[in-house]
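What follows is a set of notes on a single structure, which appears directly below.
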Amino acid sequence: MSDKKVETKEPHKSNTQEPLLEIRGLKKHFDVTEGWFKKKREYLRAVDGIDLKVYPGETLGIVGESGCGKSTTGNLIVRLLEATEGEIIFEGENLTELDGEKLRQKRKDIQMIFQDPFSSLNPRMRVFELIAEPLRTHQTHKGKALSERVYELMDVVGLSAEFAQRFPHEFSGGQRQRIGIARALALNPKLLVCDEPVSALDVSIQSQILNLLKRLQEQFNLTLVFIAHGLPAVKHISDRIAVMYLGKVVELTTREKLFANPMHPYTEGLLTAVPVPDPEVRDTRERVVLKGDIPSPVNPPSGCSFHTRCPFADEKCKQDTPAFEELKPDHFVACHYPLEGGKGTIQRS
Amino acid sequence: MKDENQLLNVSNLQTHFFTENGTVPSVDGVSFQVNKGELVAIVGESGSGKSVTSLSIMGLVEDPGKIVGGDIMFEDKNLATYTNKQMRKIRGNDIAMIFQEPLTSLNPVFTIGNQLREAILQHQNVDKATAKKMSIDMLTQVGIPRADKVYNSFPHSLSGGMRQRVMIAMSLSCNPKLLIADEPTTALDVTIQAQILELMKDLVKKMDTAIILITHDLGVVAELVDRVIVMYAGQVVEQSDVFTLFKDPKHPYTKGLLDSTPKIQDLNEELISIKGTVPTPANMPEGCRFHPRCPHAMDHCISHEPQLETMENGREVRCWLFDEEVMEHERQKSGNEGTPQK
Amino acid sequence: MSQQVTPEPIPEPPVEPTPESKRRLKKSSPITRWAKLLLKSKTGTVGLFIVLVVFIVGIFADQLAPFGVNEQNYANMLAPPSWAEGGTSEHFLGTDNLGRDILSRIIYGTTISLLVGIFSVVVAGVLGMAAGLFSGYYGGWLDTITMRLVDAFLSIPNILFILVILSVLNPGILTLIFAIGVTNWVIYARLIRGEVLSVKEREYVKAAKSIGTKNMTIIRRHILPNVFSTFIVISTLSVATTIILEASLSFLGMGVQPPDVSWGYMLADGRDYLATNWWLATFPGLAITITVLGIIFLGDWLRDVLDPRSQGR
């Protein structure tokens, strides 16, 4: 951390600060038992006990491959899914216990941006109606104030006001995502959960949307939970990054530490798996190609769930589940043999 | 002009889609060559026409679409004039294709082995037992563990990565001269993508199959290919060998694409984007198709369409910035302001 | 951490509308837009024309019919159409076995056929739509009960069920509409529920939920408009089957009661004479066919118009 850093506001740095959102022991199991008469019920452990804190003003990136539970986590935070176990505490209030009108009011503070801009907008509503919907739902604006607010929001996300009477299908993916962002911003939320907001977009458009989100975060003092399937997408926008694998967080630290010194072998695998857009290094660069497939979350491996693919796994990893511990300041890892000081070296603790 | 080494020569290919709302020129005068055993990437975003180009080569353009002009010379055969029946002999035998979504390209009601064996039996003159042996052999070669077990399983029981391996095995089973891979790793997770890329690299070394890789991911391109063709709005805008292209991109679009591709090792790079959106065929800009998004657009670009010009080392660029005459004119114009052009 | 220190995020120019979109912005009023869309579709125009004609005939039956419904011409029983061999100029479509003018009876029949066809579809549609929407959206016990009820209805032959209702209640037009309505709702419930199940999983419904939209509003604004095209398709086909169903019921003597007349009744009446006097059944049959075609054409067009993707073309 450079000194310059301390001068600029750095919300997440101080652990003394109250987190805006705190997740404790969160679990979501889906019943996937087939047939009525099976004695043993089968569960898909989409999220299997995670703890996270999100501090005001920061961006927490959540990264992982398919089946790791990152999207389920996002849906749990905005209460689109009910948690099986655990607590989601937002400004001191446990969201999992809220319902009815109280929950409806709370939703104003926590908004979501969806992955697919093609399916997340009702095809039969015009842009104006789409952006006005949250305002009408909570009756925050009416009449002239409503249309003023809608046009203001359109301006904020970089959509020309002339688009107001058009339908979503007339827009490209990037423009639709802007509409989605305007909707999410309409109620002045404190927390924005972005569920892979750029993965469905063209490369040249992705950075437009990322830049926009970053600008809006500063402008409106937003706290972001940014979910992505790969590290490149969260690289720019995140202050801290949580890496998930099979329903658990395996590593959580600042962006800098994660990229410079990943401690979990899975994180290292994820990092080096990203193709480097430079043909010069293609034969020389170090790379850890993780073997095998991602196991099914219905039947996760025993012990450390990563042991089936880990290059360093031994008997201990097969039997004991590693604890998620702060091995270094601000650096949480769940691994028996965390990597230390560069790639591929094992340090036994 | 004909090169001994040349496998495929696409010249001035035009594939149009005739929809209710008018004609959509998805591929508008595309020309390129592929040599034997060469790895070529066609790069572009959605709507660039890269996929339609590959489907045209395979003769798989679906109904409202039609090849309306140009030649596709494969060895000495012009595929553009081939009927569906003639194409069936070429497909799978000489040219094979792998698709983005491996689940939909495998028939769910037959076992992996059954489909692989059928593919071999159809194109090669061998008996069933040999075909089975060849299939299991192929599966082992693409890195599938317990290949004999997988041989008897159904597509849905395999993971996405495994299915893509099966597709690769199937497409390579008849030793095609050309393999077209349409976004083969896009639907896969990053760590699985890395596995498939490794596999493709290995296979390329072993076989002398030429590959056309269709992708939007410049990272994948840099890992794998020899030569790159960049497409934008139905046209080729730049063509170069991979090293030169990444070191010194000429076309502003290529440059923008490279800049907006995230580089994982560089933590503090700036996020650069190309402004605006990809034009739809209904509102294709006049002049250079990239000019509304181009940071270097000049007056000349708005009204004049550039041609694909050959530069040093066989490199090709479609941009007025590299036309001496136009640039001289522009310089003069900015020299004495106010002088109207023409 | 120079990420935080990076100067300014690159300012982005607002996305400019294309010339095409600017042109499109000068939106005409909905009515002229619909009219334009209607004229563009040939089948839509034909459909609307047919339906309009049928409606006008139905409303002004008294004024249009050359003879009364049951006015008999004993001198001209079973007369062929005027333009066929042996026809009389008085009766354009000939007469039936009691010497009644077929054209006049078709004109009078229009009113009742339309009433029965349309209103029983409305009854069935409203019931089925509501059942499908709520059971599909809320799921759980409501869904289980509704769907078992639907299964029960489907397991009893339609016509038998209607006959039971008709024999318990007094036969008549209102009873007929009610009977057909309460048996046909299951078709709507089933299909609409299926649609709702798929629509409610779409992300825009999730998006509405995450905003805090109330369930009823979600059903009204997000689910209903997106299952409406299915509804239109079933309804238009249903009008057709209902008119034919009414014909069968009339044939069994449980439908329209004389002195009223409907196309179905005429069709049933004329069946005995099909081999010898073809015009008795053919013309009411034609009337049914043309009307049903018109309604289907109109329905198809309506479905397209309601889809925003078809606009601006």
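Against the test of being of a type outside the set (Phe, Trp, Tyr) and either in contact (Cβ under 8 Å) with a residue 12 or more places away in the chain or under 22 Å from residue A:293 (Cα atoms) (or both), the options B:76, B:148 yield a single qualifying residue, B:148. Against the condition closer than 11 Å to residue B:171 by Cβ, outside the structural domain of residue B:150 (by TED's automatic domain parsing), outside any loop (DSSP other than H, G, I, E, B) and of a type in the set (A, V, I, L, M, F, W, C), how does residue B:138 come out, does it pass? Spelling it out, it is not the case that residue B:138 is closer than 11 Å to residue B:171 by Cβ, outside the structural domain of residue B:150 (by TED's automatic domain parsing), outside any loop (DSSP other than H, G, I, E, B) and of a type in the set (A, V, I, L, M, F, W, C). Taking residue C:15, is it touching a helix residue (DSSP H, G or I) at 6+ places or on another chain (Cβ under 8 Å) and modelled with pLDDT of 80 or more? The answer is no for residue C:15. Scanning segment A:119-146 for residues that are free of Cβ contacts under 8 Å to residues at least 60 places away in the same chain and among the hydroxyl-bearing types (Ser, Thr, Tyr) gives A:119, A:137, A:140. Against the list (1) surrounded by 19 or more Cβ atoms within 10 Å (Cβ to Cβ); (2) more than 30 Å from residue A:106 (Cβ to Cβ); (3) within 14 Å of another protein chain (Cβ to nearest Cβ), the condition residue C:301 fails is (3). All told, residue B:187 meets the bar of being at negative phi, within 17 Å of the chain's Cα centre (by Cα) and outside the structural domain of residue B:139 (by TED's automatic domain parsing). Residue pairs whose Cβ atoms lie under 7 Å apart, separated by 6 or more positions or on different chains, with the first residue in segment C:232-256 and of a type in the set (S, T, N, Q) and the second outside any helix (DSSP H, G or I), are C:250/C:256; C:250/C:262. Do we have any residue at all in segment C:224-241 that's over 25 Å from residue C:298 (Cα atoms) and either out of contact with any Cys (no Cβ under 8 Å at 6 or more places or on another chain) or surrounded by fewer than 20 Cβ atoms within 10 Å (Cβ to Cβ) (or both)? No. Give me the residue from segment A:74-115 that is of a type in the set (S, T, N, Q) and more than 14 Å from chain C (Cβ to nearest Cβ) and, out of that set, surrounded by the most Cβ atoms within 10 Å (Cβ to Cβ). Per the stated criteria, the residue is A:84. Considering only residues that are more than 14 Å from chain B (Cβ to nearest Cβ) and either under 30 Å from residue B:44 (Cβ atoms) or among the hydrophobic types (A, V, I, L, M, F, W, C) (or both), which ones fall in segment A:181-196? Across segment A:181-196, the qualifying residues are A:181, A:182, A:184, A:185, A:186, A:187, A:191, A:192, A:193, A:194, A:195.
In this entry, residue B:40 is excluded by the filter for residues that are at pLDDT 90 or above, in contact with a helix residue (DSSP H, G or I) (Cβ under 8 Å, 6 or more places away or on another chain) and either basic (Lys, Arg) or surrounded by 19 or more Cβ atoms within 10 Å (Cβ to Cβ) (or both). Residues in segment C:119-142 that are in contact with a Ser or Thr (Cβ under 9 Å, 6 or more places away or on another chain) and surrounded by fewer than 18 Cβ atoms within 10 Å (Cβ to Cβ) were compared, and the one that is farthest from residue C:240 (Cα to Cα) is C:142. Among residues of segment B:265-289 that are touching a residue at least 40 places away in the same chain (Cβ under 8 Å), those with a Cβ under 7 angstrom from a residue that is in a loop (DSSP other than H, G, I, E, B) and of a type in the set (D, E, K, R), sequence gap 6+ or separate chain, pair up as B:278/A:202; B:278/B:45; B:279/B:289.
All conditions but one from (1) modelled with pLDDT of 85 or more; (2) more than 15 Å from residue B:8 (Cβ to Cβ); (3) not polar (S, T, N, Q) apply to residue B:71; the one that does not is (2). Taking (1) in a loop (DSSP other than H, G, I, E, B); (2) more than 22 Å from the chain's Cα centre (by Cα); (3) surrounded by 22 or more Cβ atoms within 10 Å (Cβ to Cβ) in turn, residue A:335 satisfies each apart from (2). Filtered by the rule that a residue be farther than 21 Å from residue A:178 by Cβ and out of contact with any strand residue (DSSP E or B) (no Cβ under 7 Å at 6 or more places or on another chain), segment B:274-293 gives B:284, B:285, B:286, B:287, B:288, B:291. The residue of segment B:42-61 that is nearest to the other protein chains (Cβ to nearest Cβ), among those that are farther than 18 Å from residue B:229 by Cα and touching a Phe, Trp or Tyr at 6+ places or on another chain (Cβ under 9 Å), is B:61. Of all positions in segment C:168-178, none carries a residue that is over 26 Å from the mean Cα position of the chain (by Cα), at pLDDT below 85 and in a helix (DSSP H, G or I).
For segment B:174-214, the set of residues classified as charged (D, E, K, R), more than 10 Å from chain A (Cβ to nearest Cβ) and assigned to a loop (DSSP other than H, G, I, E, B) consists of B:177, B:183, B:208, listed by residue number.
The values are calculated or read from the model by the stated rules, or taken from the named source; none is laboratory data. This is a predicted model, so every value here is computed, not measured. Because the Cβ atoms are built from the backbone with ideal geometry, glycine has one as well, and the counts that use them run over all protein chains shown.
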